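Below you'll find the structure, written out as structure tokens, and then a few comments.
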Amino acid sequence: MDLYANIPNNVNLAQDKRLQRALEKWLPNYLDWWREMGPDGFQEKEVWLRTAVDVGSEGWAHFDYVKMPDYRWGIFLEPAQPNAKVGFGDNYGQPAYQEVPGEFRNALRRIIVTQGDTEPASVEQQRQLGKTCPSLYDLRNLFQVNVEEGRHLWAMVYLLHGFFGRDGRDEADALLERRSGNPDKPRILEAFNQPCDDWLNFFAFTMFTDRDGKYQLSALAESGFEPLARTCKFMLTEEAHHMFVGDTGLGRVVKRTAQLMKEGDPRTLGGIPLDIIQRYINFWFSYSLDLFGGEISSNSADFFAAGLKGRYKEQDQYSEHTATSEIFTLMVVEDSRLKPREIPLRNALNEVLRQEYIKDCEKGLARWNKILDEEGLSERLALPNSRFHRHVGEYANHTFDVAGNLISAEEFEARRIEWLPTMADREYVRSLMHAVTEPGKIANWIAQPSTGIKGKPFEFEYVRL
Ligand SMILES: [Fe+2]
Ligand SMILES: [Fe+2]
């Protein structure tokens, strides 16, 4: 572990002068990007942040005040497994790839660039949120997520520089050039071009879109390309906190709304009505489902065959790792009707991963509904059907209601305001967003968290303003 190097790392960077030079050349460009596109207005403030200083589940992080541009973004991989093997696909059981196999080079670079692009994109989407934080605790969590997404960018750039030569370096540069929502040079995936300009968006984003990240990283943590697997395993350690922020953040909004509903109309009491929360859920859940790719996908089959991208918990959850003889039944639209179609399992692996994700999201909904129940309310929140409001895959060119029934485009448009955030919803939510920065205080539209961070109380001065 070299924590004092220009770029903290556990990949023996000092021994690889060529790579070290390349990354040290990229570093100032990264810092320029961070200053331009990172949290606006808080670069000189001291934030109580955790910094990765080791790998493994125990004692891997150090907590202290740091100004964000001084954050120690490092390159950390889980330790190599001796005799690691390719765990699935056509090369199952062969030694894991320590270098990029020539025939998979383009596919692998595409996977890494696509994952890498999401990391800075989310920082860009969230850069104005600090100005309207509901509490110092939330402000700190926002910045924690932001700096770690920055570190995840480093993780992917390390792979590009370390294993792909010239074109890898070009891709690493391009990761700093695209901008979320910019029509001329947008980020690669659509969810990462959507504005995330209020805290309800932020919590829904970290709940649903960061959770897509968990499933993508989990599938890549199974990869036969060992450096990628080891990188993604460690990123998952950090990612857990991001989803905690979203899950508990939305839970706290639901709790506060429930409290206000017992007093009257949350809208006249400065809270966020449940129907608006539901529409935000519908929006971010459906966009996040798109991130898994098409339901029927030859790419997913190729990635699996090559041993590059596995299934969720491939090793723990499955006993058969080639997936050659199984069939997957998917509902598809044929002659204006939903009908089952049988497809080879390997071509359905995006959908298999998406279903794991949906199961996980349902647990979040159950937690929020438990809060409603505990507050004595009978109203409930729900996930829309996975066919609803899709822009990628089998369902993209059809329209469905939230229950997954095929409906006409006219009916969808007529009912859009029931199901998806309206301009008025967004304006109303934005009207509630005013910074609360006194330690121990919280905005009216959200409940206080049950505990603080790392043993500190909620009242702790998480950011020195
Ligand atoms: Fe990330
Ligand atoms: Fe994340």
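The values are calculated or read from the model by the stated rules, or taken from the named source; none is laboratory data. Source: prediction; values computed, not measured. Every residue, glycine as well, gets a Cβ built from its backbone with ideal geometry; the counts of neighbours run over all protein chains shown.
Computed quantities for the displayed model
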item: Test: residue 41 is at pLDDT 95 or above, under 21 Å from residue 321 (Cα atoms) and more than 23 Å from the chain's Cα centre (by Cα); result: no
item: Only one of 426, 430, 416 that is part of a helix (DSSP H, G or I), surrounded by fewer than 16 Cβ atoms within 10 Å (Cβ to Cβ) and touching a residue at least 40 places away in the same chain (Cβ under 8 Å); result: 430
item: Odd one out for residue 238, checked against (1) modelled with pLDDT under 95; (2) surrounded by fewer than 20 Cβ atoms within 10 Å (Cβ to Cβ); result: (2)
item: From the options 166, 178, 127, residue that is in a helix (DSSP H, G or I), over 20 Å from residue 10 (Cβ atoms), of a type in the set (D, E, K, R) and away from ligand 1 (no atom under 14 Å from the Cβ); result: 166
item: Members of region 12-21 that are part of a loop (DSSP other than H, G, I, E, B) and in contact with an Asp or Glu (Cβ under 9 Å, 6 or more places away or on another chain); result: 12
item: Single match in 153, 77, 49 (criterion: part of a loop (DSSP other than H, G, I, E, B) and buried (at least 20 other Cβ atoms within 10 Å of the Cβ)); result: 77
item: Near pairs, Cβ below 6 angstrom, 6+ apart or cross-chain, from region 231-244 (of a type in the set (Ser, Thr, Tyr)) to any residue that is within 11 Å of ligand 1 (Cβ to nearest atom) and part of a helix (DSSP H, G or I); result: 231/155
item: Helices (runs of 4 or more DSSP H) enclosed by region 258-332 - at least 2 residues per element that are within 23 Å of residue 206 (Cβ to Cβ) and at pLDDT 95 or above; result: 274-290
item: Test: residue 79 is away from ligand 2 (no atom under 16 Å from the Cβ), in contact (Cβ under 8 Å) with a residue 12 or more places away in the chain and of a type outside the set (D, E, K, R); result: yes
item: Some residue of region 295-318 being buried (at least 20 other Cβ atoms within 10 Å of the Cβ), within 16 Å of ligand 2 (Cβ to nearest atom) and more than 19 Å from residue 380 (Cβ to Cβ); result: no
item: From the options 236, 217, residue that is within 16 Å of ligand 1 (Cβ to nearest atom), in a helix (DSSP H, G or I), aliphatic (A, V, I, L, M) and farther than 24 Å from residue 283 by Cα; result: 236
item: Residue match in region 17-30 (condition: surrounded by fewer than 20 Cβ atoms within 10 Å (Cβ to Cβ) and closer than 16 Å to residue 226 by Cα); result: no
item: Pair list, Cβ under 6 Å, 6 or more apart: region 134-154 residue farther than 15 Å from residue 43 by Cα and modelled with pLDDT of 95 or more, other residue near ligand 1 (Cβ under 9 Å from one of its atoms) and polar (S, T, N, Q); result: 149/122
item: Residue match in region 108-121 (condition: of a type outside the set (Gly, Ala, Ser), farther than 19 Å from residue 241 by Cα and assigned to a loop (DSSP other than H, G, I, E, B)); result: no
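Matching residues to (1) over 23 Å from residue 142 (Cβ atoms); (2) away from ligand 2 (no atom under 12 Å from the Cβ):
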residue: 197; (1), (2): no, yes
residue: 203; (1), (2): no, yes
residue: 219; (1), (2): yes, yes
residue: 228; (1), (2): yes, yes
residue: 237; (1), (2): no, no
residue: 254; (1), (2): no, yes
residue: 258; (1), (2): yes, yes
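This table checks each residue for (1) closer than 20 Å to residue 397 by Cα; (2) in contact with a helix residue (DSSP H, G or I) (Cβ under 6 Å, 6 or more places away or on another chain); (3) not β-branched (Val, Ile, Thr).
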position: 310; (1), (2), (3): no, yes, yes
position: 317; (1), (2), (3): no, no, yes
position: 328; (1), (2), (3): no, yes, yes
position: 337; (1), (2), (3): yes, no, yes
position: 357; (1), (2), (3): no, yes, yes
